[in-house]
Amino acid sequence: MNDNILVIGAGPAGLAAAYELAKNGKKVTVLEKENQVGGISKTIVHDGYRFDIGGHRFFTKSDRVNTLWNEVLGEEFLTRPRCSHIFFKKKFFNYPLKASNVVRNLGVYLCIKVFLSYLSSRLKPYQKEDNFEEWVSNRFGKELYRMFFKTYTEKVWGIPCNSIDAQWAAQRIKGLSFLTAVKNALFTNNSGKIKTLITKFNYPKFGPGQMYEAIAKKIEEMGGKVVLNSRVVKLEEKDGCLISATDEKGEKYGFDYLISSMPIDELVVLMDSFPEEVKDAARGLEYRSLLTVNLVFSYKIPLEDTWLYIHEPDVHLGRIQVFHNWSPYLVPDNETSSLGLEYFCYENDHLWSMKDNDLIKLGKDEISRLGLADEQKVMDAFVVRTRKTYPMYSNDFKKRMSLIRESLKKIVNIQPIGRYGMFKYNNMDHSILTGIYAAENILGSNHDVWQINTEPEYHEEQGIGDRTNEK
Ligand SMILES: Cc1cc2nc3c(=O)[nH]c(=O)nc-3n(C[C@H](O)[C@H](O)[C@H](O)COP(=O)(O)OP(=O)(O)OC[C@H]3O[C@@H](n4cnc5c(N)ncnc54)[C@H](O)[C@@H]3O)c2cc1C
């Protein structure tokens, strides 16, 4: 009997699962710890301005996900052109690189230096490629490594490139070399393959949150429940089955089947029957977190980008979202504008622990030092701290996950789904697909949900520098 289903988390994965189940007549309840739905893909509304946690492009190769998105929002989608640059040495470098733009920005002298450094790396490569720095330098030369790989990668992951395993670089930058980068810079890629870049994407008029609010509404219209401010803190097991979840207000929810999109490490420690060794494996999973300093300006910032990668080494700032270029509906008028300044950090590190006012000061100072906006014209500002935004594929994460998965298999009525639920570097569409497949499994299918998001060519980060798979 799998009639009464509980879903933990009202992010894209949990909502997609609940939507499919409600559509198929199942009794479904979603418990969400926050006071709004959408998870990391929510849209925060602040005095009429709308902010993403990082911009969220809607792009998928999956017909199932496309169908769901169109079924829910249809006409409300805008098609946006991708426009993003690398900002380095106070210059805008096209991304992907374009030869004329690189030569103009770097000058002929530096370009020759880049080429010579490439030749020198080919003639005298590092004999052992143990780390990211060595692996990239051997293929691109030290100059190009320093300009386009080192700073941004270190900002995103918070560790020196010479401490990142070479294997990791090999996986992420696979298929791109100095010569292909030069070829791509000289000639437009007309192959139509995703491998290089997605040039257009969909975006809901009012931000990604609009999608997830609409799905939640449909779930409720079909008889399901979405309970906000309900953080699951306890799970009860009986004879190899989970039977109830209790939230921090003490509300207890019985169920036949559980779908969980809460971070897997937090789930595992709630499982009474799991051995301490497995709980320790879960505790050792690492994440990168994200701080966004959101600024509202009294003028329309004349940037053409949807987002900008900041490669300048002397600022902490990693990426900037220009919200009015994502959608004009994210700002209430045409005279003002808003930016999201992204700082990658570890929970509780120096940046994370700074007071909001100091972070705002830092953001204003950095954006003005870069010459990208006038800090005097900031009308409003606020900080959003988001824990656990990037699952970190450290050297031992596979071993940890395999222990966890073995233990989870022994519980017959649970499926973990989603980016944090499965500790997988998912985009929204992958997460949604895990939700759809988990729901279909309850309805009688036999999908291997762990197979979702295993195609390396899908990821866009194969461009120069480490873009993270979202962009
Ligand atoms: C900066 C950034 C930019 C991104 N850009 C893109 C993009 O352009 N395109 C794209 O497709 N993807 C993008 N992503 C990825 C996208 O955000 C995620 O893939 C997606 O949100 C994952 O959905 P999810 O449901 O798996 O997890 P989440 O969005 O994290 O949802 C999980 C939900 O579970 C809730 N929860 C957790 N613990 C509990 C608990 N104990 N009890 C109850 N509820 C709980 C959380 O509050 C949350 O609402 C981006 C991610 C980041 C960080």
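The values are calculated or read from the model by the stated rules, or taken from the named source; none is laboratory data. Everything numeric in this text was worked out from a predicted model, so none of it was measured. Cβ coordinates were reconstructed from backbone atoms using ideal geometry, including for glycine residues, and neighbour counts include every protein chain displayed. Surface accessibility is based on the protein's heavy atoms, side chains included, excluding ligands, DNA and RNA. Shrake-Rupley method; radii C 1.70, N 1.55, O 1.52, S 1.80 Å.
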* **DSSP beta bridge pairing in the chain, given as percent antiparallel to the nearest 5** => 70 percent
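Based on the Cβ-Cβ distance from Lys124 to Glu248, what FRET efficiency comes out when R0 is 51 Å, to the nearest 0.05? Write down the numbers at each step before the final one.
On the way: r = 59 Å, r/R0 = 1.17.
It comes to 0.30.
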* May I ask for the net charge around Glu251, where only other residues with Cβ less than 15 Å from the Cβ of Glu251 are counted and Lys, Arg are +1 while Asp, Glu are -1? => +2
* To do: Calculate, in whole percent, how much of the Cα-Cα pair population of the chain lies beyond 43 Å.
  => 16 percent
* Structure fact -> Any residue on another chain or 5+ positions along whose placed amide H is under 5 Å from the amide H of Val30 is listed here as Val7, Lys225, Val226, Val227
* **Phi-based couplings in Hz for region 398-409 (Karplus 6.51, -1.76, 1.60; Gly and Pro marked x)** => 5, 5, 4, 5, 5, 4, 5, 5, 4, 5, 5, 4
* Relative packing of peptides 6-12, 29-35, 42-48 - highest average C-beta neighbours within 10 Å first -> 6-12, 29-35, 42-48
* **Cα gyration tensor category, rounded, prolate or oblate, for region 16-99 with a/c compared to 1.5** => prolate
* To do: Using a 1.4 Å probe over the heavy atoms of the protein chains, calculate the carbon and sulfur portion of the accessible area of region 91-158 as a whole percent.
  => 59 percent
* **Length gained when the stretch Lys217-Asn446 is fully extended (0.36 nm per residue, less Cα-Cα span)** => 79.6 nm
* What's the lysine pair count for region 105-156 at a Cα cut-off below 22 Å, pairs eight or more apart or interchain? -> 9
* Asked: For Ser289, what is the net charge nearby, where nearby means another residue's Cβ is under 9 Å from its Cβ and Lys, Arg count +1, Asp, Glu -1?
  -> +2
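Could you rank the peptides 242-254, 140-152 by their average count of other C-beta atoms within 10 Å per residue, with the highest value first?
The peptides rank, most packed first, as 140-152, 242-254.
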* Asked: Can you give the calculated 222 nm mean residue ellipticity of the chain, where each DSSP H run of n ≥ 4 adds -39,500 (n - 2.57) and the sum is split over every residue, rounded to the nearest 500 deg cm²/dmol?
  -> -10000 deg cm²/dmol
* To do: Just tell me which aspartates and glutamates come within less than 17 Å, Cα to Cα, of Lys238; anything on the same chain fewer than 8 places away is out.
  => Asp256, Asp272
* Just by accessible area at a 1.4 angstrom probe, what is the order of Lys399, Lys225 from largest to smallest? -> Lys399, Lys225
